[in-house]
Structure formats: structure tokens, C-alpha cells
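Report on the structure given below.
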Amino acid sequence: MLALLHTSPVHVPVFDALRDRQRPGLTLRHTVAPELLDRARREGPDAVADEIAEVVRRAVDEGAGAVLCTCSTLGAVAETLPAPVPVLRVDRPMAEAAVARAGDGRITVAAALASTADLVTEAARRAGHRPRITTLLVPGAWDLFEAGDTDGYHRAVAAALTPVTGTDAVVLAQASMEPARALLPAEPPVFASPGPGFAAAALAATGEPGPPNG
């Protein structure tokens, strides 16, 4: 079983669909806790470490072989928690793939919430690269998401990225941005977290060879 911690219910069908494509038969256990993101934004992600740890403990007690945090804000805390099973952040495989593509070139990180490029910077350091990383905060995008206007949210992300030139890779900082990829040209390549993150977590949960990220 793979347990997933979300901060929005919109992620549940996304990861169910990925399971159906990549790992039919894998049991998923979803926990949706939007209040954790609200508090983390007010007080900092470390403020909800105990609550995340409790989600992990419950998941382990119910038989999870791994836990996947799909929230980029909480991910850095989640992956450092001591646990008897792997606890992964959904966006790490995406960051590693973007760094592999860009090398020492330029990476643009599109974010709907105030965000740093710490994860991409860390992935680049581990890979021995020194790309130029720029964060593009999409104004008003998160307000649209919170209002339930996901189509408007994705259009806002795409509109902000369409004029971007001279970059070797685009990273979508929030998992909820993934559908914006369909609104953007094929180049520069756009990296989103749900597919690669789920593939890595499913492999960790089952210990079996996984399919290509998608």
C-alpha cells in the first residue's frame, strides 16, 4: 500500500489515475489535510511537523510501504521525518529530471505560492551542475485555485510561462499545475511532479521495478 498526504482534494483523482496507468492493483490511502498548508503558510512548514509525523504513523500502522507527500510546501519537512518506511516528496524526481536536462544552463521555476528554488538547487548540487535558476511567481494564480477555478488557474500559469524564452527547462513548483503543460509548447521542456513522483513512491512501496515516469 502507498499512503499519500495531500493538502487539496484535487490531487486524489490525479493520483488514482496514475495508479491505474502505472500500477494497477496498488492500494492507495489518501489523507487530505488542507489545514496543514494553511498553518504552514502562516507559521512555517516546521510548525506542522508533528501533524505530518502523525499521518505517517497512521499510514505505517495501516500497512503502508511508503508515504508520498504531494504538497511542495510540506515536502521538505515530510522527507526528513524518521519513519520505518520511505517518506518521499512528490517534486524531488521532477527536480532531478529538470537538472539532468538543463545541466549548467537555465531553469525557470514557476510557482503559484511564494517559493524558493532550494530543491532544484540541491538537486543540481548533488548532480554536479550549476544552472542559473529563476523563480517566476504567477500573480493571482493561487487565488484562482483556492476559489475552485482550476481552469483559470492553469491558464494563468500557462500565460505567465508563454513569454519565457532562453530557458532550458521549466519546473512547475506545485503538483496542481500539471495540467498547464497541455497549454504550453513542447519547447522548452516542462517538468511536472505527479507522474515522476508517483512512480518513485510506488517503487518504494512495492520494491518492484516501476514503469517509465509519465
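Note the full-extension length gain between residue 146 and residue 47 as 0.36 nm times their separation in residues minus their Cα-Cα distance, in nm to one decimal. Display every interim value, and only then the final one.
On the way: separation 99, 0.36 × 99 = 35.64 nm, distance 2.18 nm.
Fully extending the segment from residue 146 to residue 47 adds 33.5 nm.
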Give the shape of segment 111-173 as rounded, prolate or oblate, defined through the alpha-carbon gyration tensor: a ≥ b ≥ c are the square roots of its eigenvalues, a/c under 1.5 means rounded, and otherwise the shape is prolate if a/b is larger than b/c and oblate if not. prolate
Counting helices only, and only those DSSP H runs with n ≥ 4, report the 222 nm mean residue ellipticity of the chain as the sum of -39,500 (n - 2.57) divided by its residues, in deg cm²/dmol to the nearest 500. -13000 deg cm²/dmol
For residue 77, what accessible area in Å² do you get when you roll a 1.4 Å probe over the heavy atoms of the protein chains, rounding to the nearest 10? 10
Tilt relative to the chain, helix 34-43 - C-alpha long axis, 0 to 90 degrees, to 10: 60
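Gain in length, residue 125 to residue 62, computed as 0.36 nm per residue apart minus the alpha-carbon separation, to one decimal in nm?
19.0 nm
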Checked segment 67-158 with the C-alpha gyration tensor, a ≥ b ≥ c its square-rooted eigenvalues, rounded below a/c of 1.5, otherwise prolate if a/b is larger than b/c and oblate if not; verdict oblate
Theoretical gain in end-to-end length, residue 21 to residue 38 [0.36 nm per residue, Cα-Cα removed]: 3.0 nm
Take every Cα pair under 8 Å in segment 68-132 that's 6+ residues apart, average their separations, divide by the length, and report that relative contact order as a whole percent. 30
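The values are calculated or read from the model by the stated rules, or taken from the named source; none is laboratory data. Because the structure is a prediction, the values reported are computed rather than measured. Areas reflect the complete protein model, heavy atoms only, side chains present, ligands, DNA and RNA absent. Shrake-Rupley method; radii C 1.70, N 1.55, O 1.52, S 1.80 Å.
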